[in-house]
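*Asks:* Here it is, the structure in full.
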Amino acid sequence: MELIISQSIKTLNDYCAELLSKCIKEKNEAKIGLATGNTPIGIYQSLVSLFQSGEVDFTNVRTYNLDEYLGLPKSHPSSFYSFMRRHLIDHVNLKEEHINIPHGKIASPEQECIRYNHILAQAGKLDVQILGIGLNGHIGFNEPSASLSPHTHIVKLTEETRRVNSPAFSSLDEVPTHAITMGVASILRSKSILFMALGKEKSKIMKQALEGPVTTQCPASLLQLHPNCTVFIDEKAASELDVKNNIYDVQYI
Ligand code: PGA
């Protein structure tokens with residue numbers, strides 16, 4: 001597994017944005033899986049800068065988000081749709097019809113899972129999937145569990161996830177209890193994965209995810225099975241990794 005380590009988060013963000021931009025230039029209709037959360041915000045900022053300086057054009061880019069809170073309308077400031085608008089969509093020339101995010105406020109969540117699965121099936125393999133990791137090892141909202149669902153499904157959020165995500169809401173009570181998430185098969189189907197972890201608080205879970213057993217109790221550990229997953233990690237999040245271990249191909253930037 002390729003490990004790109006830097007002490008500078010800005011350097012990691014710029015590097016990831018350059019890779020995405022290269023992919024967008026090379027493919028006629030690049031298909032990119034997007035993530036929300038604090039981790040990818042800097043990548044989006046770097047991408048917006050590249051767009052503003054004319055280095056990348058999103059006209060033909062298709063995006064597919066990992067997840068959305070169940071029960072939140074798109075217009076809710078804490079919805080992932082709003083997050084994507086604030087951090088990327090409002091600042092680049094992505095076409096509305098090319099943006100795919102599960103709908104959180106719908107009469108039938110089950111139907112919405114079917115609809116989103118259909119969209120992913122039609123898209124085929126994404127070119128790149130951006131991924132962060134939860135403190136409990138979740139990817140998307142695939143929470144640790146005795147078993148994992150392969151395709152888009154409704155998930156009950158753990159109390160830890162609700163607490164960790166509560167700063168985006170006015171109180172813990174307002175954090176939705178459920179979400180719609182892409183399943184792990186859909187995530188692993190991407191041609192390449194750009195897996196990012198930042199900060200000391202992620203060091204323990206990154207050790208488990210990359211060096212621990214592959215287990216549904218740490219969904220990110222399944223990324224060990226992906227043939228083209230590159231880990232972008234700052235020195236703090238990498239502090240517990242055995243970087244000399246020959247499972248890694250390490251590059252410092
Ligand atoms: P974070 O969230 O980037 O805000 O740490 C990551 C996640 O929960 O997947």
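*Asks:* Give me the Debye-computed log₁₀ of I(q)/I(0) at q = 0.14, 0.15, 0.24 Å⁻¹ for the range 48-95, equal point scatterers on Cα only, no solvent, two decimals.
*Replies:* For the requested q values the scattering log ratios are -0.40, -0.45, -0.90.
*Asks:* Moving on. How do ILE193, ILE139 line up, fewest other C-beta atoms within 10 Å first?
*Replies:* ILE193, ILE139
*Asks:* Quick one: 3J(HN,Hα) in Hz for the range 148-165, Karplus 6.51/-1.76/1.60 with θ = phi - 60°, rounded, Gly and Pro as x.
*Replies:* 10, 8, x, 10, 4, 7, 8, 10, 8, 6, 6, 4, 5, 4, 4, 5, 4, 8
*Asks:* I need the P(r) histogram for the range 107-173: all alpha carbon pairs, bin width 10 Å from 0 out to the longest distance, whole percents.
*Replies:* 17, 39, 37, 7
*Asks:* Applying the Karplus parametrisation 6.51 cos²θ - 1.76 cosθ + 1.60 with θ = phi - 60° to the phi angles of the range 61-76, what ³J(HN,Hα) value in whole Hz is obtained for each residue in order, glycine and proline being reported as x?
*Replies:* Those phi angles translate into 7, 10, 10, 9, 7, 6, 7, 7, 5, 6, x, 8, x, 3, 6, 5 Hz.
*Asks:* Using +1 on the beta carbon of Lys and Arg, -1 on that of Asp and Glu, and nothing else charged, what's the dipole of the chain about the Cα centre, debye to 20? Numbers along the way, then the final one.
*Replies:* Details: 24 positive and 27 negative charges, 36 e Å.
Using only the charged Cβ atoms, the result is roughly 180 debye.
*Asks:* Okay, moving on. Could you work out the helix-only [θ] at 222 nm for the chain, with each DSSP H run of four or more residues adding -39,500 (n - 2.57) and the total divided by the number of residues, to the nearest 500 deg cm²/dmol?
*Replies:* Rounded to the nearest 500, the figure is -8500 deg cm²/dmol.
*Asks:* Express in whole angstrom the spacing between the alpha-carbon centres of the range 45-117 and the range 178-253.
*Replies:* A separation of 24 Å, based on Cα centres.
*Asks:* On a full-extension model of 0.36 nm per residue, what is the gain between ASN38 and LYS204, subtracting their alpha-carbon distance, rounded to one decimal in nm?
*Replies:* 58.0 nm
*Asks:* Let me ask you something else. Which value, in debye to the nearest 20, describes the size of the charge dipole of the range 49-173 about its Cα centre when Lys and Arg Cβ atoms bear +1, Asp and Glu Cβ atoms bear -1, and nothing else is charged?
*Replies:* On the way: 11 positive and 14 negative charges, 23 e Å.
Here the range 49-173 has a charge dipole of around 120 debye.
*Asks:* By what distance, in whole Å, do the Cα atoms of the range 1-111 stretch along each of the three principal axes, largest value first?
*Replies:* 43, 31, 28
*Asks:* A further question follows. Note down, for the range 10-71, the three equivalent ellipsoid semi-axes (square root of 5 times each alpha carbon gyration tensor eigenvalue), biggest first, whole angstrom.
*Replies:* Values for the range 10-71, descending: 20, 16, 9 Å.
*Asks:* What list of ³J(HN,Hα) values in whole Hz, one per residue of the range 246-253 in order, does the Karplus curve 6.51 cos²θ - 1.76 cosθ + 1.60 (θ = phi - 60°) give from phi, with Gly and Pro shown as x?
*Replies:* 6, 6, 10, 10, 9, 10, 9, 10
*Asks:* Pull out the extension gain between ILE247 and LYS105, defined as 0.36 nm times the separation in residues minus the alpha carbon to alpha carbon distance; nm, one decimal.
*Replies:* On the way: separation 142, 0.36 × 142 = 51.12 nm, distance 4.29 nm.
Computed gain between ILE247 and LYS105 is 46.8 nm.
*Asks:* Select from GLU68, GLU18, GLU97 the residue whose mean-square fluctuation is largest in a Gaussian network model of the chain (Cα-Cα springs shorter than 10 Å).
*Replies:* Taking springs between Cα atoms under 10 Å, the residue moving most is GLU97.
*Asks:* So what is log10(I(q)/I(0)) for the chain at q = 0.12 1/Å, when the Debye sum runs over its Cα atoms only?
*Replies:* Taken in order of the listed q values, log10 I(q)/I(0) reads -0.66.
*Asks:* Taking the Cα centre of the range 165-219 as origin, sum charge times position over the Cβ atoms of Lys and Arg (+1) and Asp and Glu (-1), and report the length of that vector in debye to the nearest 20.
*Replies:* That gives the range 165-219 a dipole magnitude of about 340 debye.
*Asks:* While we're on this one: Evaluate the Debye formula for the range 121-253 with equal point scatterers sitting on the alpha carbons, no solvent, and hand back log10 of I(q)/I(0) at q = 0.10, 0.11, 0.22 Å⁻¹, in q order, two decimals.
*Replies:* The Cα Debye sum returns log10 ratios of -0.33, -0.40, -1.40.
*Asks:* Return the Cα extents of the range 182-253 along principal axes one, two and three, sorted largest first, each rounded to a whole Å.
*Replies:* Ordered largest first, the range 182-253 gives principal extents of 30, 25, 22 Å.
*Asks:* Which one, PRO144, HIS76, ALA107, is farthest towards the positive end of the dipole of the chain when Lys and Arg carry +1 and Asp and Glu -1 on their Cβ?
*Replies:* ALA107
Coordinate-derived values only; no laboratory data. Since the structure is predicted, the reported quantities are computational estimates derived from the model, not experimental observations. Cβ: placed from backbone, ideal geometry, glycine included. Neighbour counts: every protein chain shown.
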